[in-house]
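Nothing in this text is a laboratory measurement; each read-out follows from the coordinates by a stated rule. Everything numeric in this text was worked out from a predicted model, so none of it was measured. Every residue, glycine as well, gets a Cβ built from its backbone with ideal geometry; the counts of neighbours run over all protein chains shown.
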Amino acid sequence: MEARQTYGSIRLIPTTVLLVILAASVLFQPPTSVTSLAASREPVRARHGIVASTNEVASKVGVDIMKRGGNAVDAAIAVAFALAVTHPAAGNLGGGGFMMIRLKDGRTTAIDYREMAPALATRNIYLDKDGKVIQGEGGSIEGYRAAGVPGTVRGMELALKKYGSHRLTWAQLIEPARALAANGFSVTYTLARGLRSSKDYLSKYAETKRIYLNNGRLYNEGEIFRQPDLAATFARLQQRGADEFYEGQTARLIVDDLKRHNGLIAMPDMRGYVARERETLRGTYRGYEIVSMPPPSSGGAVLIEMLNILEGYDLKKMDWASSDRYHLMTEAMRRAFADRAEYMGDTDFVKVPVAGLTDKKYAAQLRGTINPERASSSEQVKAGKPAGYE
């Protein structure tokens with residue numbers, strides 16, 4: 001059950017997504033059935049700010065940062081680092097992501113710190129000698145060769161430099177995460193369950209087995225989980241800044257470990273990583289303005305494409321949980337995801353027809369292929385031709 005706590009006039013809500021900074025919300029109609037209403041919650045309101053993440057301990061870090069005078073970006077950075085300790089499944093230093101920010105004057109911006117492919121990566125790197133996709137170790141999903149050049153630390157550095165309050169330092173924003181890693185935190189039911197369910201996978205690698213499986217004695221809910229190596233990494237980042245992660249001891253530790261295990265990332269890849277600020281992607285849906293991430297995130301373009309398709313139906317008149325409503329939403333998603341698979345990529349390297357994908361006339365053409373009475377199969381739905389709507 002989701003916990004809620006209020007700290008003065010700042011409200012803390014652990015949820016599944018970190019939304020400390022302001023991202024655009026798409027508002028669908030409220031549920032109308034008795035069952036849906038019974039399961040719904042009263043909206044949460046706060047006067048000065050809300051911190052939401054997948055972990056209560058990390059969310060408290062963000063609340064504390066704002067109470068100390070930090071702004072939403074400061075809080076987002078501190079929570080991101082804290083999640084590297086408390087939420088190892090997704091919070092991380094060795095990965096990447098996106099940050100959307102809405103400024104006080106209403107302007108929006110996006111920071112792209114997704115991982116980059118290392119220089120040794122090639123088009124066919126994940127195919128075997130017969131041209132088939134490599135499964136398991138050595139493939140694009142599992143193992144050392146699947147790792148991209150991490151962007152999180154550079155992304156947090158860029159966000160702080162351009163949009164932080166400058167009332168709190170880099171070291172101060174990292175300190176809560178360092179302390180959590182050094183002193184430990186109480187293992188939640190969710191974390192304990194996740195580690196148990198991932199036991200076979202985590203057992204494949206000596207370090208993940210040592211750290212996350214406690215050398216075979218699985219962590220139980222309520223036990224204290226300490227990560228001294230991670231605490232030492234945070235301490236180096238506090239002392240030497242983001243350059244330490246990409247050019248210093250931490251970079252060398254990462255590269256040396258990858259080299260020992262046939263990984264692809266080398267020191268020039270680490271030194272060359274750059275986080276980028278990008279213009280947000282915008283659309284509309286029945287009077288609402290949608291602001292979302294541009295490529296290389298596929299989320300923004302695909303979201304707007306789906307909403308453009310659905311805008312032609314009066315979903316409000318349909319029962320919230322009706323099969324008709326779900327059918328139309330599913331068909332819109334099928335078409336948008338077919339386009340996603342065909343066209344989405346990193347605009348620094350390839351042309352992505354974003355304007356066409358998010359064009360309402362293009363959506364109307366796709367909507368015309370939907371049969372309200374019959375489901376399509378995903379295999380039958382092919383990518384459309386958005387270029388003609390650019």
| field | Cα-Cα over 22 Å, subset of Lys67/Lys161; Lys351/Lys382; Lys132/Lys351; Lys60/Lys162; Lys161/Lys351; Lys360/Lys385 | value | Lys132/Lys351; Lys60/Lys162; Lys161/Lys351
| task | On a C-alpha basis, how far is the centre of the stretch 319-360 from the centre of the stretch 109-188 in Å? Whole number, if you could? | result | 26 Å
| task | Determine, for each peptide in 79-87, 301-309, 273-281, the mean count of other beta carbons within 10 angstrom over its residues, then list the peptides with the highest first. | result | 79-87, 301-309, 273-281
| query | Under unit Cβ charges (Lys, Arg +1; Asp, Glu -1), what dipole magnitude, rounded to 20 debye, does the chain have relative to its Cα centre? | reply | 520 debye
| task | Can you tell me the dipole magnitude for the stretch 131-173 around its Cα centre, using point charges on the Cβ only (Lys, Arg +1; Asp, Glu -1), in Debye to the nearest 20? | result | 260 debye
| query | Mind checking the angle between helix 249-260 and the chain's longest principal axis? C-alpha axes, 0 to 90 degrees, to the nearest 10. | reply | 80 degrees
| query | Which of Leu310, Val350, Met293 sits closest to the plus end of the dipole of the stretch 280-389, meaning its Cα is farthest towards the positive end, when Lys and Arg get +1 and Asp and Glu get -1 on the C-beta? | reply | Leu310
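Can you give the charge dipole size of the stretch 319-390 about its Cα centre, rounded to the nearest 20 debye, using +1 on the beta carbon of Lys and Arg and -1 on the beta carbon of Asp and Glu? Don't skip to the answer; put the middle values down first.
Values: 11 positive and 11 negative charges, 39 e Å.
Dipole of the stretch 319-390, to the nearest 20 debye: 180 debye.
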| Is the stretch 69-109 best put as rounded, prolate or oblate by its Cα gyration tensor, with a ≥ b ≥ c the root eigenvalues, rounded for a/c under 1.5, and otherwise prolate when a/b is larger than b/c, oblate when not? | oblate
| If you line up the long axis of helix 228-240 against the longest principal axis of the chain, both from Cα atoms, how many degrees apart are they, to the nearest 10? | 90 degrees
